[in-house]
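**Student:** Pasting in a structure now, in structure tokens, and then I'll have a few things to ask.
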Amino acid sequence: MDDLVVIGAGPYGLSIAAHAAAEGLGVRLLGRPMASWRDHMPDGMYLKSEPWSSNLSAPDGRHTLADYCATLGMTTEHGTPLPIGTFSAYGMWFARQAAPEVEEVTVLEVTPQGDGFRVRTAEGPPLLARTVALAVGVMPFVRHPEVLGHLPPGHYSHSSGHRDLSRFAGREVAVLGAGQAALETAALLAEQGARPCLVARRSRLNWNTVPQPLDRPPLRALRDPHSGLGTGWRSWVWSELPWAVRRLPAPTRERIAATALGPAGAWWLRDRFERRVPVLLGHRLDRAVAVGERTRLGLTDPAGEGVVLDTAHVIAATGFVPELARLELLDAGLRAALETVGGSGAPELSPGFESSWPGLFFAGLLTAPSFGPSMRFVHGAGFTAGRLVRGVRKRLGARGPRPGSSGVPRPGGAAAPGLPGVPPGHPKTYLR
């Protein structure tokens, strides 16, 4: 039985596995390395975060993005956007340098078994683990506007569903949204010969300002500090004090997770977008109808008047919803048993990222309602990895000596209804 199975091999999963291996834990890392970045972002995209705030986390502080770029004779510079492809390659390099071997398997189900877990994959026999960390990225949580669900699948897609936008050359595409994904997708479509139109409920688009220099007079730096999530004291708090966010009341944390660092475009994208993409701002999407091979969108403009937009395809750049209900690989009974943050549908977590089910840990987007908006960015991996692994060590210590090498879990008593192998009277408590 393994001490820890990490499911997901993106920035969070790789960082957690690196810390766990350095602590001497028996850890296995499952997933396709950097899958979201390699498979679900169009060619030509850039990293929105500054390079210095986009490091994966190794316990000795090595294997940074700058270290990787140095191996290629490149330098990373503040205020200079980095291609997504370079960042993806950095993640692959980090996996080779700092993490245990990644097992590229598809996880089908995680269920309780005894006082641990059974992890079933598509490629081989199930694994048994004393603890599990779910670092599954954003893809299980894709959000589409409800009205698009009435369309045939070929009429719409999510912005995360495209590696190559050139197939839309010469066609009209309606892009829904007002954040970086929507704005950059629309700009890339225009640059590759498509005819995009941006549709957004917001009455205006927000653009980030050009970042201030890293070296500034002390008073100016104090007034407007840099942080991993941007410039200013509010961004600094979200970036540097996730532990403090967790101590806030649940309704406050829900509101922060939903509204902090709202939709905005990168400063370097603005000229590319405004020169080539028409916009319909303040327009609400009310209905969508397939008319032959085309799609007709029914909109309401700011004056309350109806507007019809006829297009060849719709791309929803409408983000992701951090809800446990969407995490289908997690046993349904276990999902239903987890305590959540208010009405958010995201798991309530201990300071060590442990859920109310002992031994089950979460990382990434699902943890934003507990620890704040930094968990939506690569920058949050550094805070998460060390604390989560310390939480795992505490949980393993609380369970006593590690079972023998037979791989057979310790007896856990009769199963609770719907949850195979769960001991009676299972405690839904946090390990503090």
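**Student:** Does any residue of segment 329-351 turn out to be in a helix (DSSP H, G or I), in the same structural domain as Trp52 (by the TED database) and hydroxyl-bearing (Ser, Thr, Tyr)?
**Tutor:** no
**Student:** If you check Arg223 against the conditions, is it open to solvent by 20 Å² or more (accessible area, probe 1.4 Å), over 21 Å from the mean Cα position of the chain (by Cα) and more than 30 Å from Ala290 (Cα to Cα)?
**Tutor:** For Arg223, the condition - open to solvent by 20 Å² or more (accessible area, probe 1.4 Å), over 21 Å from the mean Cα position of the chain (by Cα) and more than 30 Å from Ala290 (Cα to Cα) - is met.
**Student:** Here is a further query. Specify the residue that is least open to solvent (accessible area, probe 1.4 Å); the eligible residues are those in segment 261-293 that are assigned to a strand (DSSP E or B) and out of contact with any Ser or Thr (no Cβ under 9 Å at 6 or more places or on another chain).
**Tutor:** Gly265
**Student:** Tell me, please, whether a residue that is outside any strand (DSSP E or B), at negative phi and of a type in the set (Gly, Ala, Ser) can be found in segment 296-312.
**Tutor:** yes
**Student:** Within the bounds of segment 242-255, is there any residue that is among the hydrophobic types (A, V, I, L, M, F, W, C), surrounded by 15 or more Cβ atoms within 10 Å (Cβ to Cβ) and not assigned by the TED database to the domain that holds Cys197?
**Tutor:** Within segment 242-255, one or more residues are among the hydrophobic types (A, V, I, L, M, F, W, C), surrounded by 15 or more Cβ atoms within 10 Å (Cβ to Cβ) and not assigned by the TED database to the domain that holds Cys197.
**Student:** Would you mind listing the strands (runs of 3 or more DSSP E) fully within segment 1-113 where at least 2 residues are closer than 30 Å to Gly179 by Cβ?
**Tutor:** 2-7
**Student:** Restricting attention to segment 156-174, report how many residues are open to solvent by 10 Å² or more (accessible area, probe 1.4 Å) and touching a helix residue (DSSP H, G or I) at 6+ places or on another chain (Cβ under 6 Å).
**Tutor:** 2
**Student:** State all residues of segment 112-138 that are farther than 24 Å from Gly352 by Cα and open to solvent by 30 Å² or more (accessible area, probe 1.4 Å); if no residue qualifies, say none.
**Tutor:** Arg120, Ala122, Glu123, Gly124, Pro125, Pro126, listed by residue number.
**Student:** While we're on this one: Please pick out the residue among Glu77, Glu50 that is under 30 Å from Gly265 (Cα atoms) and free of Cβ contacts under 8 Å to residues at least 40 places away in the same chain.
**Tutor:** Checking each option against the conditions leaves just Glu77.
**Student:** Looking only at residues that are under 26 Å from Gly262 (Cβ atoms) and more than 20 Å from the chain's Cα centre (by Cα) in segment 312-342, which one is most open to solvent (accessible area, probe 1.4 Å)?
**Tutor:** Looking at residues that are under 26 Å from Gly262 (Cβ atoms) and more than 20 Å from the chain's Cα centre (by Cα), I get Gly342.
**Student:** Looking only at segment 348-364, decide whether some residue is buried (at least 18 other Cβ atoms within 10 Å of the Cβ) and under 27 Å from Pro42 (Cβ atoms).
**Tutor:** Yes, segment 348-364 contains at least one residue that is buried (at least 18 other Cβ atoms within 10 Å of the Cβ) and under 27 Å from Pro42 (Cβ atoms).
The values are calculated or read from the model by the stated rules, or taken from the named source; none is laboratory data. All values derive from a computational prediction rather than experimental measurement. Cβ atoms come from the backbone with ideal geometry, glycine included; neighbour counts cover every protein chain shown. Areas reflect the complete protein model, heavy atoms only, side chains present, ligands, DNA and RNA absent. Shrake-Rupley method; radii C 1.70, N 1.55, O 1.52, S 1.80 Å.
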